[in-house]
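First the structure, in the form of structure tokens, and then the observations on it.
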Amino acid sequence: MPARDLEEVLADVTRVAVEYYDLTGKPLGVTGEVAECRASSLLNLELVAARSAGFDAIRRRGSAEERIQIKGRYKKSNSKWGRVPRIDVTKEFDAVVLVLMSGRYEVREIWEAPRDKVMDRLARPGSKSRNERGSMDVSQFKSIAQLIWSPRVR
């Protein structure tokens, strides 16, 4: 049997994840991995080894390298986006990329925020989730980020 490529495997994974969500109302826990694969493909990023401290991918611009933390959110079409997964501010990274997916894990938008803006927002007083857990609402992330990919903006 010929080896399958990554897109074929992702198609199976996302199909099963959607079926699981439909049956249980719970996510299967593959959103982060799918987001990393989608972001690397759409943004021409180089994924690093699993469990690399602080970042998931490298973006090369000439001789410069940027360390990118990739976060993903999945939602059913009628629900809200919720919160950005935990951003580990104790580790080194240059930017955070947020991949928003819905339906059958189709990418709807990709947003990017630089480290300094992420750090400023997470340090702002008033929210235990933000200050202690390194998390914020998707709408808060968008307010400090730039839309870098959507089906309408390529």
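The values are calculated or read from the model by the stated rules, or taken from the named source; none is laboratory data. This is a predicted model, so every value here is computed, not measured. Cβ placement follows ideal geometry from the backbone for every residue including glycine, while neighbour counts extend to all protein chains displayed. Each accessible area value is taken on the protein alone, full model and side chains, heavy atoms only, with ligands, DNA and RNA left out. Shrake-Rupley method; radii C 1.70, N 1.55, O 1.52, S 1.80 Å.
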- Item | I87 assigned to a strand (DSSP E or B) and under 17 Å from T31 (Cα atoms) | no
- Kindly establish whether L6 is modelled with pLDDT under 95, surrounded by 16 or more Cβ atoms within 10 Å (Cβ to Cβ) and more than 26 Å from V89 (Cα to Cα). no
- Query: Do you know which of the residues in the stretch 49-78 that are part of a loop (DSSP other than H, G, I, E, B) and touching a strand residue (DSSP E or B) at 6+ places or on another chain (Cβ under 6 Å) is most open to solvent (accessible area, probe 1.4 Å)?
  - Reply: S77
- Query: Is one or more of the residues making up the stretch 132-152 touching an Asp or Glu at 6+ places or on another chain (Cβ under 8 Å) and modelled with pLDDT under 90?
  - Reply: yes
- Complete set of residues in the stretch 70-95 that are in contact with an Asp or Glu (Cβ under 7 Å, 6 or more places away or on another chain) and closer than 19 Å to S150 by Cα: I70, A95
- Message: Just to be sure I understand, how many residues within the stretch 17-48 are free of Cβ contacts under 8 Å to residues at least 60 places away in the same chain, open to solvent by less than 80 Å² (accessible area, probe 1.4 Å) and aliphatic (A, V, I, L, M)?
- Response: 5
- Task: Considering each of A113, A50 in turn, give the residue that is farther than 28 Å from D22 by Cβ, aliphatic (A, V, I, L, M) and modelled with pLDDT under 95.
- Result: A50
